[in-house]
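**Student:** Encoded as structure tokens, here's the structure I'll be asking about.
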Protein chains: 2
Amino acid sequence: MSSSLQFGLLVFPRITQLDMTGPLQVFSSLPGAEVHLVWKRIEAVQSDTVLSILPTTTFADCPRLDVICVPGGYGTDDLMGDDEVLNFLRTQAAGAKFVTSVCTGSLVLAAARLLEGRKAATHWSAIDVLPVFGVTASRERVCIDGNRITGGGITAGIDLGLTVISELVDRRTAEAIQLRLEYNPAPPFNAGSPETAPADVLALLQERMKVAKARRLDLAKAAAARAS
Amino acid sequence: MSSSLQFGLLVFPRITQLDMTGPLQVFSSLPGAEVHLVWKRIEAVQSDTVLSILPTTTFADCPRLDVICVPGGYGTDDLMGDDEVLNFLRTQAAGAKFVTSVCTGSLVLAAARLLEGRKAATHWSAIDVLPVFGVTASRERVCIDGNRITGGGITAGIDLGLTVISELVDRRTAEAIQLRLEYNPAPPFNAGSPETAPADVLALLQERMKVAKARRLDLAKAAAARAS
């Protein structure tokens with residue numbers, strides 16, 4: 001139906017698949033929703049896991065989206081400087097009801113100048129990157145600033161998806177989806193944020209991420225300099 | 001490396017993709033893990049969303065798994081009576097360290113007689129089906145009974161994945177994965193279980209699921225009768 005709500009999730013090489021598959025499940029649970037997986041070409045992209053993802057439409061063929069969602073992952077390093085991607089996002093954002101992201105997807109929205117002067121969430125390891133693009137980093141799980149709704153790292157995509165449905169449709173509809181997905185989380189430990197994780201666990205992750213983090217910051221600075 | 005831990009997630013038509021992609025992200029975050037998406041043939045299966053999933057190996061080629069995980073979804077209706085699937089699970093279960101499921105995946109393990117006399121979790125809408133196979137239904141988020149670890153509905157797959165890593169490796173390793181995935185959930189509402197959802201939301205879902213629920217129970221009874 002032409003009156004269906006149109007959701008588009010960007011997919012790309014080295015996407016963190018759960019950043020995308022979380023909100024995908026939420027959006028797809030909305031009766032009558034049409035959901036698109038969008039990339040440059042109809043050609044499988046390899047996620048950060050063994051899952052390969054086949055786009056359902058291309059930038060050229062994608063309908064006007066009511067909700068656009070940019071997931072994160074190491075692949076966002078390249079997207080920050082990719083004009084084809086940034087132009088697609090800018091064009092869709094102009095007509096969208098909500099422009100959203102999960103994890104480091106907000107860095108791509110920022111590189112497209114879609115978050116300038118606003119606040120946004122991202123993965124905890126990337127909060128130093130947002131200010132490079134003139135964006136105020138938020139440590140909220142889901143950050144709402146006008147029609148920009150951005151989520152924290154990876155698993156925040158589920159919280160983001162439910163928030164988007166609530167804002168776009170209504171709370172009861174979002175609650176019905178939450179119940180269907182039995183989203184009643186019970187993490188076995190309390191290590192899900194740098195503020196609560198044991199110090200040695202945090203130090204281990206920081207050490208593992210050090211090289212990738214420095215590279216990401218350099219690429220963001222180059223992208224910001226090019227765009228200004 | 002032959003010493004890597006081998007994880008296998010069953011994929012199948014009409015799988016609820018988040019049942020699989022949640023634990024997939026957790027298992028894939030374990031350094032050195034080898035993760036397989038297993039089905040009868042190397043041929044894309046359509047999930048309950050627009051995401052199609054390409055298996056990485058077949059029942060015939062799958063290595064001996066340390067952890068086998070059966071996700072849920074409406075497709076499990078057919079799997080309960082599918083000898084090729086049930087035989088694969090029985091063979092793998094004999095050598096596995098942990099036999100696990102998410103959501104209605106436990107109905108398939110039950111149909112394979114891998115949960116007989118045990119307790120197990122499943123989606124809240126399917127708790128009446130487990131006793132058909134001589135299994136005690138548990139309302140725990142993650143239910144551990146010996147080396148059988150079963151999760152509740154859909155999103156419970158993330159909690160299940162972290163629990164499996166903690167049991168299989170150690171708690172610190174699971175905590176590092178939790179931090180990496182920023183699994184610090186903050187549902188915007190408290191409607192994630194029948195016990196906490198507003199009564200009208202629960203009634204709406206029960207009405208929507210009624211036909212599918214009755215069909216599932218009939219198929220389970222037929223599968224149980226055939227096997228006994």
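**Student:** Can you give the three extents of the C-alpha atoms in the stretch A:123-215 along their principal axes, from longest to shortest, in whole Å?
**Tutor:** Projected onto the principal axes, the Cα atoms of the stretch A:123-215 cover 43, 37, 18 Å.
**Student:** Tell me, what is the FRET efficiency for residue A:97 and residue A:207 to the nearest 0.05, using R0 = 41 angstrom and their Cβ-Cβ distance as r? Please report the intermediate quantities before stating the final value.
**Tutor:** Details: r = 41 Å, r/R0 = 1.01.
Result of the calculation: an efficiency of 0.50.
**Student:** Still on this structure: Could you work out which residue, out of B:202, B:109, B:65, moves most in a Gaussian network model of chain B, that is, has the largest mean-square fluctuation with Cα springs under 10 Å?
**Tutor:** Comparing B:202, B:109, B:65 in a Gaussian network model of chain B, the most mobile one is B:202.
**Student:** If you don't mind, there's one more thing I want to ask. What does the structure give for A:148-157 when I average, per residue, the other chain Cβ atoms found within 10 Å of the residue Cβ?
**Tutor:** Values: counts 0, 0, 0, 2, 3, 6, 7, 12, 6, 0.
Partner Cβ neighbours, averaged per residue: 4.
**Student:** Now, a different point. Taking the Cα centre of each part, how many Å lie between the stretch B:27-100 and the stretch A:111-143?
**Tutor:** Their Cα centres are 38 Å away from one another.
**Student:** Can you give the % of DSSP beta bridges in the protein assembly as shown that are antiparallel, to the nearest 5?
**Tutor:** Details: 12 of 50 bridges.
If we restrict to bridges inside the protein assembly as shown, about 25 percent are antiparallel.
**Student:** Write down the Å³ per residue value for the convex hull defined by the alpha carbon atoms of the stretch A:1-51. Could you put the intermediate results ahead of the total?
**Tutor:** On the way: hull volume 4.0 nm³, N = 51.
Convex hull volume per residue, Cα atoms: 77 Å³.
**Student:** Please work out the Cα center distance from the stretch B:201-228 to the stretch A:164-205, rounded to the nearest Å.
**Tutor:** Value for the Cα centre distance between the two parts: 29 Å.
**Student:** Now for a separate question. Considering all projection directions equally, how large on average is the shadow of the alpha-carbon convex hull of chain A, in square nanometres? Don't skip to the answer; put the middle values down first.
**Tutor:** On the way: hull surface 49.0 nm².
Mean projected area of the Cα convex hull: 12.2 nm².
**Student:** For label points placed 7 Å from Cα toward Cβ, what is the shortest-first list of nm distances from residue B:57 to its copies?
**Tutor:** 3.8
**Student:** Right, something else. Per-residue ellipticity at 222 nm for chain A, helices alone: DSSP H runs ≥ 4 residues times -39500 (n - 2.57), over residue total, nearest 500 deg cm²/dmol? Each step should come with its number before you reach the end.
**Tutor:** Values: 7 runs with 88 residues, N = 228.
Here the helix-only value at 222 nm equals -12000 deg cm²/dmol.
**Student:** Exceeding 25 Å between C-alpha atoms, which entries from my cross-link table qualify? They are B:119/B:213; A:119/A:213; A:119/A:221; A:210/B:97; B:97/B:119. Mind dumping the intermediate values first?
**Tutor:** Working: B:119/B:213 21 Å; A:119/A:213 21 Å; A:119/A:221 18 Å; A:210/B:97 34 Å; B:97/B:119 18 Å.
The answer is A:210/B:97.
**Student:** One decimal, nm, shortest first: give the distances between the label point of residue B:84 and those of the same position in the other copies, each label point 7 Å from Cα along Cα→Cβ.
**Tutor:** Values, ascending and in nm: 3.8.
**Student:** Taking the Cα atoms of the protein assembly as shown, report the difference between the largest and smallest coordinate on each principal axis, in whole Å and largest first.
**Tutor:** Its Cα atoms span 72, 51, 39 Å along the three principal axes.
**Student:** Could you work out the per residue convex hull volume over the alpha carbons of the stretch A:176-228, in cubic angstrom? Before the final figure, lay out the partial values.
**Tutor:** Working: hull volume 8.4 nm³, N = 53.
So the per-residue hull volume is 159 Å³.
**Student:** One decimal, nm, shortest first: give the distances between the label point of residue B:119 and those of the same position in the other copies, each label point 7 Å from Cα along Cα→Cβ.
**Tutor:** 4.4
**Student:** Can you give the FRET efficiency to the nearest 0.05 for residue A:74 and residue B:221, using r as the Cβ-Cβ distance and R₀ = 41 Å? Write down the numbers at each step before the final one.
**Tutor:** On the way: r = 48 Å, r/R0 = 1.17.
The calculated FRET efficiency here is 0.30.
**Student:** Cα atoms only, the stretch A:1-135: Rg and Dmax in Å?
**Tutor:** Cα radius of gyration and Dmax of the stretch A:1-135 are 13.9, 43 Å respectively.
**Student:** Compute the normalised compactness of the stretch B:87-169: alpha-carbon radius of gyration over 2.2 N^0.38 Å, N being the residue count. Write out the running numbers ahead of the final one.
**Tutor:** Values: Rg = 11.5 Å, N = 83, 2.2 N^0.38 = 11.8 Å.
Taking the Cα Rg and dividing by 2.2 N^0.38 Å, one obtains 0.97.
**Student:** Work out the FRET efficiency for residue A:116 and residue A:58 from their Cβ-Cβ distance, taking R0 = 22 Å, and round it to the nearest 0.05.
**Tutor:** On the way: r = 27 Å, r/R0 = 1.24.
Efficiency for this residue pair is about 0.20.
**Student:** In whole Hz, with x marking every Gly and Pro, tabulate ³J(HN,Hα) for the stretch B:17-23 from phi via Karplus 6.51 cos²θ - 1.76 cosθ + 1.60, θ = phi - 60°.
**Tutor:** Taking θ as phi minus 60°, the curve returns 4, 5, 4, 9, 6, x, x Hz for the stretch B:17-23.
**Student:** Under 8 Å for C-alpha pairs, at least 6 residues apart: give me the relative contact order for chain B, rounded to a whole percent. Walk me through the intermediate numbers first.
**Tutor:** Details: 442 pairs, mean separation 40.8, N = 228.
After rounding, I find 18 percent.
Computed from the coordinates by the stated procedures, all read-outs in this text should not be read as laboratory data. In this text the structure is predicted, and so the values were computed from the model without any measurement. Using ideal geometry, Cβ is built from the backbone for each residue, glycine included, and neighbour counts are taken over all protein chains shown.
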